[in-house]
Structure formats: structure tokens, C-alpha cells
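These notes are about the structure you will find just below.
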Amino acid sequence: MARNRKGLRLTDLPHYQGDLWYGTSGPPDAPIVLVAESWGSEEDVQKRPLVGSSGVEMDRMLAEAGIQRADVFVTNLIAERPYANETWRFFEPAETSRLDRKLYRGLLPTEATKAEIFRLYRQIGAYPRKLVVAAGNWSLWGLSSHTKAKKISVSNGKKVPKDLQTYGPNGIVDHRGSMTFTDPLPGFADVDFARGIPLLPIIHPAAILRAWYQRACTVHDLKTRVPKALRSDWRPASSPICLSPPSFGEARSRLELWLREAGSGTTIYLANDVETVRKRFISVMGFADSTSFAMCIPFIRHDAAEGGFESYWPIEQEAILVGLIRRVLSHPNVRVIGQNYLYDLQWIQSEMGITPNHDEDTMLNQNVLFPGTPKDLGYLSSLYCEYHWYWKEDNKDWDQLGDLKRLMDYNCLDVLRTWEIAFNQRKLIKVLGQESQIAFKMQTAALCRRMMNRGVLIDKKRRGSMLYDLQAAVSSFEQELLNIIPQDFVKPFELKKNGEVKNGQTLWFNSPQQTSRLFYDILGFKIVTNSKTGSSTVGKQALMELKRTSPEFFWLFDRLDNLGSAANTAEVIQSQLESDDRMRCMYNPGGTETHRLASSQNVFGRGTNLQNLTKGEEDE
């Protein structure tokens, strides 16, 4: 069979030959179904799924999780090897997708590909199943609605010709470990038999072989989620109580209850989180005191007449609630738990005039426990929460849609997960004997808070002279780069009829698109891709890689690097100052795996990343 762009011919498909189990392995009636994407070279030879290097690694991970491969039914989304092992070749090009053709979750599979997917649904529905495991983005796309379509312009380190570029799915990194359910592609007749089965997305073993750090969390996903599916424990027996929104009486009563308990000497662990609107003000504030209770207090609602926002509560009620919140969050017996809470704390200090008793931070705990691993709340939930499904996109566009209830439900989930994560991290910290390290990290967080409030006093006169020198250096580097690579070589200047240059013309080294065209289309360098997005990049990390792989162009890369450093430093020292001539930044004690501080703009859009400043002694 010719494996070209379309890849498959309907008449050659095993589905049309009546062989439902072609290209599969394991018992067809197994309670667990493992769905890979498409065949590699070894799978193509043996006509079986996951038997190459990816399959060997998959077997190892299954074994570590206490699962025997022989007890699992293994199949593929598409039982065929695509040209160059690129699954996207089973889908129509993007140009075709613009035609009046039905898209399937943003993608356009060929008729043969759709037949293969339908065969997968028949395989899943042929017997009762306890769990379907989706390995990789393509399998997740075929089995759920959790992926998003993204244009594929780079594949296997090479640019895809424009006439072949198509759309592919992404989202597996966010949704891995989620306890979700199968949802077949819309438009397929009679596939309800494959709907609503517990679904576990995992990183594909081929991706793990390229990014080994993903392995541990994948073994964790299998080890913790598969047993729960087998005993039909895929959702909690009872849902937590979420007041979103509470009535005024409910909000007041709960805040007063916490105050009474704290006042009696009881230590209360209270997860807290704020959501904001357009860097202007707090929209809602959430609290959780356990895994079974959360409350989200709103402060704004949409003003239908004006198209903006108005206060949610009458002024008298808001004053009472804010007063109670201030007392609760600053009470010495209330241990406030947050996720990256120095962010929330800035808003609370600004709008409520108090400093919460910030006692525990799930992001900082993770930074101490497992330096170098992700620290976002969705990832931590997948590790520490008994029941996990990805929810971090649920608050998107709530303000444009006017859906305040959606934002409050999202905020309740945030604080419930934060409370549970902290509870389980606390036990792990004790087992590992890292109490002193965590205490030091929290002391550092308190120091960062004071630094953020105090600010850095700036010598405005010296700043002006430095800016003059930096702008001169930037101009010098720009001229050197134009001497090496003239602008016309990349993209000629656009001229007006009188021969003048049109306004808005960007020089090639100031345009990532033009620089990418120079590097990868004109000069033919090996494409450097972003490890997270898979897209081509020409940033600082790319320059370091290109210096290594193309040393004959070292001086070009070096000048680009110097230009970037000078321009960034000039931008840093021009950052907005406060009225007292101080620059107030945000400092993050958990921003790096080496435990040094990271700095950035504060929550109000002022300040900057002071790490961009150098001593100026590099050439000495």
C-alpha cells in the first residue's frame, strides 16, 4: 500500500475486510483497553501495536504500576504506519479544511481514517470495559473532546511544505492523569456503545523516550488511576458542598464560624484564592476548610445596562463581609494555604489593607520536595488529589460571556484542590524529613513579600545615562547585523510611491517570523523547536543550540545574543516607577529549580524582571 499523504485506501482496510481485531494484541474482552496512535516501523512489520522501543517502555511502565500487558487489550487509533511515522499524514491538508467539509474537533480525517476510528469504537464497544487508556494527543482527540486543534508546520525537525500543512491535536500534557470519560467523535452513527467509559489520558511512550522527565508522572497515573477504575471508583461517592455564590447570611455565618473556632484556640487550615478582572480588581474570593466544603464570595457582577461591572452586594453587606474576611485571613490561628500565594497576597494587601497569615504554599512545597518538576495547580492536583480531572480552562472568557457562576465554580475547585494538595504534601514532607527546608522556604517567601512592598529605589539620573549608553549599543549591534545580513536578503523594505520607506517596517532581527525565515528557509539550519509547543523557535535557547550545531555562524548568533541582552536591559531600566521613585516587582522564591529568586512584573503590571540586569563586568 502506498503510504502517501492520504495514507490509506478504504478497500485495503481490515475493517472493510471484516477483521475487527486486525492489528491488536491481548484478550479482546479485557476490562482495560490501551489505545496508541498509529504504527511505527516495528509495529508495521509485526502487524501488532506497541512492540517497538515505545512498546518495550510501555510494558515496563505497566509492570511498575502493577499491570500485566497480557491482561490488557492493546490497539491503535489507526492500525497503519504513516509516511515518516507522522500521524498527521492521515488527515487532509489545512487548505482542504477550509472547504465546505465537516471538521471533527478541528481536524479533517480522510474517509479511510474515519473508517479506522469507527473500527476502534467497535472494538471498545464489543465487550464491557472498565477503563480506556488514551496514549498521546491523537488518541485523546479520537476518544474525548479535551484536545484543541493546532496547525502543524514543523515535523521531525523539518518544516512541513505549505500545501501539506494540516491541523493536529494538543492537550495531552494538561489532561494526562485526568479521570474523565470517553466521548466519540460527533457525526459517527451508532457509537453510543463506546461513550461514557472511564478514560485515562497518558503521555505516549514515544514522547517519554524523548522527554524522560514525563515518565514518573505517567507511571503514577497508571498506578493510582487504574485500580480505581477496576473497582468502579471513578468519581467521589458524594460531591463537596460548594457555596457559589453563598447568600449574605451563609457567607457571614461561615466567616463568623471560622473566627469563633480560631478564637477558641483551634488551628484552622484555610485554603484561599482570588480571581481578578483585567488587572483591575478582585472579582471573587474562594475559601476551603476541607475537601468537602468550599465557598466563593463574589464582589462584582455584570452591569447589563452599562456593559461593565457593578458591586455584587449592597455597600453595607460588602463592608461587613470584607471586615470579616480581613479578620479571618489575619488571625494567628488561621493557617492560610495558597498556590503561588504571593500573587493573591498583593491583591489582598492592596484592596483589603491586611497581610494574610500565609502559612503554607503548595507551589513552594513542590519546589522543595521535587525541584525541577512542574508546580502549576493542575499538575499538583494530578499527583496529590484522590480524584483528579483537569479544570484549569473552565474560567476562560467568563467575563465576556457574563457567566459569573462559571467563575465561582472554578474558584471553588481551585481552593478544594489546593486544600487537598497541601494536606497530602504535609504528610510527605514529614515522611521525608523536610520540615526545616519548608520552614526556610516560607521565611524566604515572607522576605520576598517585604521586598515587594518596599521596592527598589532607583537613581533616575544614572538610569538616564545608562539608557543613553544602551541605546547606542543597540544601534551598533543592529548596524553590524545589517552588514552581515542585509534587510533585503530576508524581506525587502516596503516603499511608498515616492521611494520612502513605509512606516512600521520591522528589521529582520527584531521579527521572530523574519528571523525564522532566515534561519530555516534561507540558510537551512536544522530547526530548533520549543520543547513544550513543538513549534520552531529562534529565541535564546535556539541561539545556544545553533551555536553548537552551526559554529561557522558563531558571530552572527553572538551578535544576535548581544543585541537581545542590550535591548532587554534597556527595556528593564525604562520600567515604570512608583511615585516614590521605587520599582516594585514580584519576587518568586519557587520560580527556579535551583531555588534562586525569580522576579517579574507585579500583579498590577508594574516592575520588571530584574534578573535581566547584569553587573557590566562580563568583558573584564
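For the range 38-68, give me each residue that is over 31 Å from the mean Cα position of the chain (by Cα) and among the charged types (D, E, K, R).
If the condition is that a residue be over 31 Å from the mean Cα position of the chain (by Cα) and among the charged types (D, E, K, R), then 42, 43, 44, 47, 48 are the ones that fit.
Of (1) touching a helix residue (DSSP H, G or I) at 6+ places or on another chain (Cβ under 7 Å); (2) free of Cβ contacts under 8 Å to residues at least 60 places away in the same chain, residue 43 satisfies all except one. Which?
It fails just one condition, (1).
From 185, 164, grab the single residue that is among the aliphatic types (A, V, I, L, M) and over 30 Å from residue 513 (Cβ atoms).
185
Yes or no, residue by residue, for (1) in a loop (DSSP other than H, G, I, E, B); (2) modelled with pLDDT of 90 or more; (3) within 27 Å of residue 227 (Cβ to Cβ):
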{"position": "80", "(1), (2), (3)": "yes, yes, no"}
{"position": "89", "(1), (2), (3)": "no, yes, no"}
{"position": "141", "(1), (2), (3)": "no, yes, yes"}
{"position": "146", "(1), (2), (3)": "yes, yes, yes"}
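Being of a type in the set (Val, Ile, Thr) and either outside any helix (DSSP H, G or I) or not assigned by TED's automatic domain parsing to the domain that holds residue 175 (or both) is the filter here; which residues of the range 197-218 pass it?
197, 202, 203
Listed residues 395, 411; which is closer than 25 Å to residue 268 by Cβ and in contact with an Asp or Glu (Cβ under 9 Å, 6 or more places away or on another chain)?
On inspection, the qualifying residue turns out to be 411.
Which one of these does residue 263 not meet: (1) touching an Asp or Glu at 6+ places or on another chain (Cβ under 7 Å); (2) more than 16 Å from residue 243 (Cβ to Cβ)?
Unmet condition: (1).
Regarding residue 258, is this residue farther than 17 Å from residue 355 by Cα and not in a loop (DSSP other than H, G, I, E, B)?
yes
Answer yes or no: is there a residue in the range 300-307 that is farther than 28 Å from residue 397 by Cα and loosely packed, with under 15 Cβ neighbours inside 10 Å.
Scanning the range 300-307 turns up no residue that is farther than 28 Å from residue 397 by Cα and loosely packed, with under 15 Cβ neighbours inside 10 Å.
Of the residues 580, 619, only one is loosely packed, with under 13 Cβ neighbours inside 10 Å, part of a loop (DSSP other than H, G, I, E, B) and either modelled with pLDDT of 90 or more or aliphatic (A, V, I, L, M) (or both); which?
Being loosely packed, with under 13 Cβ neighbours inside 10 Å, part of a loop (DSSP other than H, G, I, E, B) and either modelled with pLDDT of 90 or more or aliphatic (A, V, I, L, M) (or both) holds for just one of 580, 619, which is 580.
Can you name the number of the only condition in (1) of a type in the set (Ser, Thr, Tyr); (2) under 20 Å from residue 28 (Cβ atoms); (3) assigned to a loop (DSSP other than H, G, I, E, B); (4) touching a Leu at 6+ places or on another chain (Cβ under 8 Å) that residue 178 fails?
(2)
Among the residues of the range 368-388, is any modelled with pLDDT of 90 or more, in a helix (DSSP H, G or I) and in contact with a Gly (Cβ under 7 Å, 6 or more places away or on another chain)? Outline the logic, then answer.
Initially, the range 368-388 is screened for residues modelled with pLDDT of 90 or more, giving 368-371, 373-388.
Next cut, in a helix (DSSP H, G or I) only: 368-369, 377-384.
Filter once more, keeping what is in contact with a Gly (Cβ under 7 Å, 6 or more places away or on another chain): 382.
Within the range 368-388, one or more residues are modelled with pLDDT of 90 or more, in a helix (DSSP H, G or I) and in contact with a Gly (Cβ under 7 Å, 6 or more places away or on another chain).
On the given criteria, is residue 64 within 25 Å of residue 202 (Cβ to Cβ), modelled with pLDDT of 90 or more and surrounded by fewer than 16 Cβ atoms within 10 Å (Cβ to Cβ)?
Values: within 25 Å of residue 202 (Cβ to Cβ): yes; modelled with pLDDT of 90 or more: yes; surrounded by fewer than 16 Cβ atoms within 10 Å (Cβ to Cβ): yes.
So residue 64 passes the test.
Out of curiosity, is residue 21 part of a loop (DSSP other than H, G, I, E, B) and hydrophobic (A, V, I, L, M, F, W, C)?
Yes; evaluated as a whole, the condition is true for this residue.
Can you name the number of the only condition in (1) at pLDDT below 95; (2) touching a Gly at 6+ places or on another chain (Cβ under 8 Å) that residue 114 fails?
It fails just one condition, (2).
Any idea which of (1) at pLDDT 90 or above; (2) surrounded by fewer than 15 Cβ atoms within 10 Å (Cβ to Cβ); (3) assigned by TED's automatic domain parsing to the domain that holds residue 464; (4) not hydroxyl-bearing (Ser, Thr, Tyr) is the one residue 521 doesn't satisfy?
Here residue 521 clears every test but (1).
For residue 558, are the conditions met, namely being modelled with pLDDT under 90 and surrounded by fewer than 15 Cβ atoms within 10 Å (Cβ to Cβ)? Full working, then the answer.
On the way: modelled with pLDDT under 90: no; surrounded by fewer than 15 Cβ atoms within 10 Å (Cβ to Cβ): yes.
No; evaluated as a whole, the condition is false for this residue.
Which residues, counting only those in the range 112-151, are closer than 28 Å to residue 223 by Cα and among the charged types (D, E, K, R)?
122, 129, 130, 148
Residues of the range 344-359 being closer than 23 Å to residue 417 by Cα and either at pLDDT below 95 or among the charged types (D, E, K, R) (or both), which ones?
Matches in the range 344-359: 344, 359.
Go through the residues of the range 229-237 one by one and say whether even a single one is among the small types (Gly, Ala, Ser) and at pLDDT below 95. Step through it out loud before you land on a result.
Taking the range 229-237 first, the residues among the small types (Gly, Ala, Ser) are 229, 232, 237.
From what's left, at pLDDT below 95: 237.
Scanning the range 229-237 turns up at least one residue that is among the small types (Gly, Ala, Ser) and at pLDDT below 95.
Out of (1) surrounded by fewer than 17 Cβ atoms within 10 Å (Cβ to Cβ); (2) within 26 Å of residue 376 (Cα to Cα); (3) more than 31 Å from the chain's Cα centre (by Cα), what's the single condition that is false for residue 281?
All conditions are met except number (3).
In the range 303-335, which residue that is assigned to a strand (DSSP E or B) and touching a helix residue (DSSP H, G or I) at 6+ places or on another chain (Cβ under 7 Å) is modelled with the highest pLDDT?
Among them, the one singled out is 334.
The values are calculated or read from the model by the stated rules, or taken from the named source; none is laboratory data. It should be emphasised that the depicted structure is a prediction, and the values quoted were computed from it without experimental measurement. As a convention, Cβ positions derive from the backbone with ideal geometry for all residues, glycine included, and neighbour counts pool all protein chains shown.
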